[in-house]
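Report on one structure; see the data block that follows.
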C-alpha cells in the first residue's frame, strides 16, 4: 500500500515550512536554515507563496525571474534564490508533493577581491607584545592563522587549545561547514607563533584557542568587529574576515604553485566544484609559471643573457 503523503494541496509557504523542519531534522546548520528563510522572504516579493504548491509551474517561475530582473536584482542574487528554490522543489519531488523543478538562473563570474601583498605586509607586521593589548596581539595571531589555513570565521572561533598538536604541526577543526572532521597542517612559522601565543594565552585544554581578554569565547560579532578595528587602525580599508579565505586560495594557487585537489582538502570543500571556481576566477593555470611562456619574458631574459655573455668575454 502506498504511503499517504502529508500536505498535499498545501500552499507554497506551508510546504516550505515543512521543508525547513525536514532540513533541521537532517542536521543542517542554524546559519544555513536562517539563510534559507531569508532567501524565501526575498522570493516571496516576486512569487505568490499563498498559491497551491501543486500549481507552481514554469510559467510562474519565469514570471518570478522576470520580476526579479525588473526590480534590479543582480544575476548572482537571482542565482542564489533559484538555487534555494531548486533545493526546496527537489525535496518536494522526493516527497511526491510536486513533480516540477526549476533550473538555476545563471550567475556571473566575479573576480574575488583579495588583500594585496602590500596590505598583507602591513597586517602581518608583529605588534610589540609587551606594549600592545592582548586583543591586538590575538588578532595578529588570528590573521596569521587565516593565511596559514584559509579557514572560515566560525571554524576559527570553535578551535580549542587541545585541538592543536604543535609537535606534529597540525590543528583539528571541530567545526566545519559540512560537519566533517578536518586535520590541517601548520607551517613552521605558524607553529612558532602559536607556541609564543600560548605562553600568553595559557588556559585549559578545553578553552577556546582565541578568546576575549577575559578568556571567554569570541562571538561572531566580536571577532568581526575586532578584525575591523585591527585593520582600520593599520590604515587598511578592507576588513572582511572571509577575504582572507579568498586571499589564501589565490596565493596558494598562483604564488605557491599549489594544486586544486590539495586546496579542496585545505578549504574543506565537499566537492571540487567550488575549488574549480577559485581556479577559474584567479586563472591559476594561466598565470602559474607564466615567465616560462610569456614572449616578453623570454625576450627580456634573452637580452640579459646576451649582455652577460658579452661582459664575460670582455673580462677574459
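The values are calculated or read from the model by the stated rules, or taken from the named source; none is laboratory data. Quick caveat: nothing in here was measured; it's all calculated off a predicted structure. Using ideal geometry, Cβ is built from the backbone for each residue, glycine included, and neighbour counts are taken over all protein chains shown.
Descriptive notes on the structure:
- Among the conditions (1) touching a helix residue (DSSP H, G or I) at 6+ places or on another chain (Cβ under 8 Å); (2) modelled with pLDDT under 90; (3) surrounded by fewer than 14 Cβ atoms within 10 Å (Cβ to Cβ), residue 255 misses just one, which is (1).
- Single residue of region 164-177 satisfying the filter (at pLDDT 90 or above and crowded, with 19+ Cβ neighbours inside 10 Å) that is farthest from the chain's Cα centre (by Cα): 164
- Every residue from region 196-214 that is surrounded by 11 or more Cβ atoms within 10 Å (Cβ to Cβ) and farther than 21 Å from residue 155 by Cβ: 196, 200
- The one condition from (1) without any contact (Cβ under 8 Å) to a residue 12 or more places away in the chain; (2) touching a helix residue (DSSP H, G or I) at 6+ places or on another chain (Cβ under 7 Å); (3) over 15 Å from residue 15 (Cα atoms) that residue 42 does not meet is (1).
- Conditions (1) assigned to a loop (DSSP other than H, G, I, E, B); (2) surrounded by 14 or more Cβ atoms within 10 Å (Cβ to Cβ); number of the one not met by residue 99: (2)
- Residue list for region 52-73, filter: in a loop (DSSP other than H, G, I, E, B) and surrounded by 14 or more Cβ atoms within 10 Å (Cβ to Cβ): 56, 73
- Criterion: outside any helix (DSSP H, G or I) and under 22 Å from residue 135 (Cα atoms) - qualifying residue of 180, 238: 238
- Every residue from region 126-146 that is loosely packed, with under 14 Cβ neighbours inside 10 Å and farther than 23 Å from residue 166 by Cα: 128, 130, 131, 133
- Residue among 183, 171 that is in contact with a strand residue (DSSP E or B) (Cβ under 8 Å, 6 or more places away or on another chain) and under 22 Å from residue 219 (Cα atoms): 171
- Unique residue being over 17 Å from residue 123 (Cα atoms) and at pLDDT 75 or above when the list is 249, 284: 249
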